Structure formats: structure tokens, C-alpha cells
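To start, the structure under review is shown below, and the notes come after it.
The values are calculated or read from the model by the stated rules, or taken from the named source; none is laboratory data. Just so it is clear, the model here is predicted, and its values are computed rather than measured. Cβ coordinates were reconstructed from backbone atoms using ideal geometry, including for glycine residues, and neighbour counts include every protein chain displayed.
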Amino acid sequence: MTTRTKNGMGTPALEQIYGKNVARTAKRARAKLVMTNGEKRAGWGSYLVLSIALLAFLFPLYYAVSIASQNSTDTQYGVRSLIPGTGLMKNLALAFEDINFWQALGGTTIVTLTVSVSTVFFSTLAGFAFAKLRFKGRNLLLTLVVATMTIPQQLTVVPMYIMTTKVGLYGSLLAVIIPGLVGAFGVFWMTQYLEDALPYELIEAGRVDGASMGRIFVSIALPAAKPAASMLFLFTFIGSWTSYFWPMLILGPNKNSMLTVAASALKGAHFTDYTLIMSGVILTAIPLLVVFVFTGRQLVSGIMAGAVKG
């Protein structure tokens with residue numbers, strides 16, 4: 001098959017009309033274009049590194065499933081537990097009943113979705129203001145917001161616990177939701193993204209058309225921020241779903257309201273059944289894996305769209 005150039009001319013035709021030098025130059029240009037377009041196949045070394053990384057990430061999940069499949073009478077949880085047993089479904093059923101799975105799943109879903117949506121909205125709103133609006137103290141306020149990321153969570157637990165208890169939210173899901181409605185990382189993330197992804201010309205065009213600042217945010221800033229907002233939603237969703245320390249402290253007697261805290265309650269006072277604990281961990285991770293299966297393609301496409309725009 002004759003290789004053709006962009007205008008339809010092949011190498012022999014170029015050589016016949018323009019000579020060998022022009023045909024050789026065109027051939028080299030086509031080769032560089034193929035390399036630039038990313039059509040070069042990855043070598044075996046890339047596949048080897050990716051395979052090792054994939055196995056490293058999957059091994060803890062496999063080990064948890066293997067332990068959960070052992071019989072509770074077994075005492076070996078070392079090398080022998082690498083071979084899956086036959087008690088997986090029985091242990092999952094026991095953990096399902098002990099943690100009151102549906103109640104914990106409902107509470108975790110409410111907390112996670114509320115915190116994720118709120119974080120994305122308020123972070124985008126603040127990021128738009130810091131990135132595209134000019135007001136006194138803008139840089140100072142942004143610096144203070146970013147500086148709060150350096151404060152360890154352990155330092156804020158005691159004051160938050162005291163305030164939450166005094167307002168009567170101890171043991172309520174609101175005590176978990178309210179502190180996570182917005183975070184400094186989300187504000188910084190959206191500010192950095194909108195700084196480059198949202199041109200001032202679009203904002204000025206909206207003002208010329210008579211749109212208010214709220215209308216510009218809804219119609220222009222939010223669509224432009226969609227790729228970064230989808231990734232922020234993913235980060236927040238995972239962090240909120242797997243959160244354990246603060247819910248464990250503040251939920252009190254209502255520990256079955258969230259999956260992570262309910263799964264930790266499977267540990268007995270006098271005997272630790274690791275098969276039951278690992279079964280609870282698997283039940284906690286399954287909904288998160290289902291979310292990845294159904295939304296993974298959309299998230300990747302959003303990341304690629306953001307990369308192309310950037």
C-alpha cells in the first residue's frame with residue numbers, strides 16, 4: 001500500500017514530480033508526525049512496570065479476601081492464609097448481620113454524597129472568586145486558606161468535639177457532615193484549575209451581554225470547571241467513604257450509622273476473629289468498587305478533557 005501525505009500524494013508521486021530530496025524530506029516529516037501523535041506502541045518494559053504496580057495494588061485486596069474465606073477456627077493468618085478457603089460466603093453473611101449493613105450503608109451514603117456535593121460546589125465557588133475576581137486581601141485570604149492544610153487533624157479534633165457536643169450534635173450524622181462541607185484542599189485545587197482553564201474574555205463577554213456574576217458562575221465557570229470538579233468529587237467521595245477517626249469519636253452509641261465504624265465494632269472484647277473483621281472490610285469496600293466500575297470511564301474522560309483544555 002502506498003503511503004500518502006495529508007493532501008493525498010504518496011512518496012513515489014512526490015519523487016516523480018519534485019525529486020528524491022523532497023520525497024525523502026516528506027517521508028521523515030510523516031515519521032515525526034506519527035511519533036508526535038502518540039501512535040508508537042509501548043514496549044515490554046512499560047507493560048512489566050504496569051503489571052508489577054497492578055499486582056502491588058491488588059495484593060492487599062486479595063489478602064483480605066483470602067483471610068475472610070478462612071474458617072474462624074483457623075489460627076494461621078500468615079503465609080497459609082494466602083490460599084483462599086471455603087468460608088467466604090458464610091463469614092460475609094455473619095458480618096452482614098452483625099454490622100446491620102443496610103443501616104450503615106444508608107448512613108454512609110448520605111454522609112458521603114452530601115459532603116462530596118457540598119465540597120465541589122463551595123470549592124468551585126471560592127476557586128472562581130480567588131482566580132478571577134479582584135478584591136482587597138485576595139492573596140492574603142488564599143494564603144490563609146492554604147495554610148490551614150498544614151494543621152494536623154489531631155489538633156482540631158478536641159475543639160471540634162467540644163463544639164459539636166455543646167450544640168447537641170453528638171451521635172448524629174450531622175456531626176460528621178458539617179465539618180466536611182468544604183475543605184482547604186478543594187478551594188486550592190479549583191483555584192489553580194480555573195486560573196488557567198477560564199479565560200477572562202469569557203467573563204467579560206458575559207458582562208457585556210448583561211449577565212450577573214451569579215449567572216456567569218453558573219453558565220460559564222461551572223461548565224469550565226467540570227473536569228477538575230469531577231476529580232475533586234472522586235477524591236472527596238473516597239475520603240468521606242473511608243473516613244474512620246472522626247466518625248468513631250463523634251457517633252458514640254450510633255456506631256452502626258457508618259460502615260467503617262460498624263466494621264471496626266466486629267472486633268471482640270476478648271477474642272479477635274480476623275475472618276469476621278476482613279469480611280466487614282470487604283462489605284465496606286464493595287459499594288466503592290461498584291461506583292468505580294460504573295463511573296470510571298466518565299471520570300477518565302473528564303480528566304482527559306481537562307488535560308486537553310489545559
Checklist entry - Would you pick out the residues in the stretch 92-137 that are of a type outside the set (A, V, I, L, M) and not in a helix (DSSP H, G or I)? => result N100, R134, F135, K136, G137
Checklist entry - Across the stretch 176-220, what is the total count of residues that are surrounded by 15 or more Cβ atoms within 10 Å (Cβ to Cβ) and not in a helix (DSSP H, G or I)? => result 4
Next on the checklist: Please go through (1) over 29 Å from the mean Cα position of the chain (by Cα); (2) closer than 30 Å to F217 by Cβ; (3) not β-branched (V, I, T) for K132 and return the number of the only condition it doesn't satisfy.
Outcome noted: (1)
Next on the checklist: Checking the condition exposed (fewer than 13 other Cβ atoms within 10 Å of the Cβ) and either in contact with a Cys (Cβ under 6 Å, 6 or more places away or on another chain) or not in a helix (DSSP H, G or I) (or both), which residue from P223, P159, P253 passes?
Outcome noted: P253
Next on the checklist: If I filter the stretch 72-91 down to residues being of a type in the set (A, V, I, L, M) and surrounded by 10 or more Cβ atoms within 10 Å (Cβ to Cβ), which single residue comes out as modelled with the lowest pLDDT?
Outcome noted: L82
